[in-house]
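Heads up: the structure comes next, in structure tokens.
The values are calculated or read from the model by the stated rules, or taken from the named source; none is laboratory data. These numbers come from a predicted model, not from an experiment. With ideal geometry, Cβ positions are generated from the backbone for all residues, glycine too; neighbour counts draw on all protein chains shown.
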Amino acid sequence: MSRFLPVVSLCCLYMFSYPHQAMAERLRMAMPDYPPFSYQQDDAFRGEGYDAFVQIMAELDRDYTIELVPHFGRVLLEIEQGSLDGFFMASPSEERDAVAVFSEPVIDTRWVWVWLTAKQDVTPAMASFQQHARVSAQMNSNIYRWLNEQGYQVAAGTNDIRGLFALLDYGRVDAIMLPEATFYAVIADSEWQEERYQRQVERELAFGIYLSKSHLAQNPDLMTQINEAIQRYRASR
């Protein structure tokens, strides 16, 4: 069964020692601070995405290290430099596909618009929303990148996903976008009331595991093994 010491840093990579296996066999992975999928609490990693990854790696008897990061902003650079082998849970994008290979879906998720219930003059249902509404998302996230690609009027976001709600509350943006499950997790862990906000689903997509192309070139069967483990994981849920 895979094991690691849950020492956490949002900036630095901590490598954990496994004397019974060679370093080359250990996957070096990044994971975002992104509740409820993955986060750190009471000096331990938690979340549905983290638990899924642990179960999948345990089935494959693969050891690993995990770097907890605020977002995936620097992860692709670390992949290109060879200091990371992959990252999870992540949604697919062309930028990520250029340096890594996406697994089969592990978790299904939905991106939702969120705006203040008390502010109904600009809402996602309006025809002028895309051209005139000020919107935002977590910096360096797939959602933030997608909003820019679609031509929305995107304001600077926050590194911490929780900080997005302050942008709404202080009137700096008209709406934010984030995974629906993350909305509920942040609200549950705060003093905000769910009724304060309105939601509308924009996209449905999958979270999965990315492994670098260079690592897979040296381990050509690994993604097949991971995908088979993912299929068994999803079938057991």
Of the candidates ALA206, ALA175, ALA181, the one satisfying the condition of being within 30 Å of ILE230 (Cα to Cα) and in contact with a helix residue (DSSP H, G or I) (Cβ under 9 Å, 6 or more places away or on another chain) is ALA181
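Every residue, every condition in (1) of a type in the set (Asp, Glu); (2) more than 30 Å from GLU25 (Cβ to Cβ), yes or no:
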| position | (1), (2) |
| --- | --- |
| MET177 | no, yes |
| TYR184 | no, yes |
| GLU191 | yes, yes |
| GLU195 | yes, yes |
| GLN198 | no, yes |
| PHE207 | no, no |
ALA30 versus (1) of a type in the set (Gly, Ala, Ser); (2) modelled with pLDDT of 90 or more; (3) farther than 21 Å from GLN218 by Cβ: which is the lone unmet condition?
-> (3)
Name every residue in region 194-215 that is in a strand (DSSP E or B), out of contact with any Pro (no Cβ under 9 Å at 6 or more places or on another chain) and small (Gly, Ala, Ser), in order of residue number.
-> SER212
For region 159-178, how many residues are of a type in the set (Val, Ile, Thr) and over 16 Å from ASN142 (Cα atoms)?
-> 1
Select from region 33-92 the residues that are in contact (Cβ under 8 Å) with a residue 60 or more places away in the chain, of a type in the set (Gly, Ala, Ser) and buried (at least 19 other Cβ atoms within 10 Å of the Cβ) and list them in ascending order.
-> GLY49, ALA52, GLY86, ALA90, SER91
Does region 190-213 include one or more residues that are touching a residue at least 40 places away in the same chain (Cβ under 8 Å), charged (D, E, K, R), within 23 Å of PHE87 (Cβ to Cβ) and touching a Ser or Thr at 6+ places or on another chain (Cβ under 8 Å)?
-> yes
How many residues does region 104-144 hold that are over 20 Å from ARG196 (Cα atoms) and β-branched (Val, Ile, Thr)?
-> 4
Among the residues of region 219-237, count how many are hydrophobic (A, V, I, L, M, F, W, C), more than 12 Å from VAL106 (Cβ to Cβ) and touching a strand residue (DSSP E or B) at 6+ places or on another chain (Cβ under 9 Å).
-> 2
All-but-one check, ARG196 against (1) at pLDDT 95 or above; (2) surrounded by 15 or more Cβ atoms within 10 Å (Cβ to Cβ), failing number (2)
Residues that are among the β-branched types (Val, Ile, Thr) and over 30 Å from GLN218 (Cα atoms): find the helices (runs of 4 or more DSSP H) completely inside region 100-193 holding 3 or more of those.
-> 180-188
Those residues of region 33-50 which are over 11 Å from ILE66 (Cβ atoms) and in contact with a Ser or Thr (Cβ under 9 Å, 6 or more places away or on another chain), in sequence order | TYR34, PRO35, PRO36, PHE37, ARG46, GLY47, GLU48, GLY49
Which listed residue is under 20 Å from SER93 (Cα atoms) and either surrounded by 15 or more Cβ atoms within 10 Å (Cβ to Cβ) or touching a residue at least 24 places away in the same chain (Cβ under 8 Å) (or both), from LEU178, LEU168, LEU164 | LEU178
Evaluate region 129-141: report whether one residue or more is under 30 Å from ALA235 (Cβ atoms), of a type in the set (Gly, Ala, Ser) and touching a strand residue (DSSP E or B) at 6+ places or on another chain (Cβ under 9 Å).
-> yes
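Just checking, which of ARG96, ARG110 is among the basic types (Lys, Arg), surrounded by fewer than 21 Cβ atoms within 10 Å (Cβ to Cβ) and under 24 Å from LEU167 (Cβ atoms)?
Within the list ARG96, ARG110, the selection yields ARG110.
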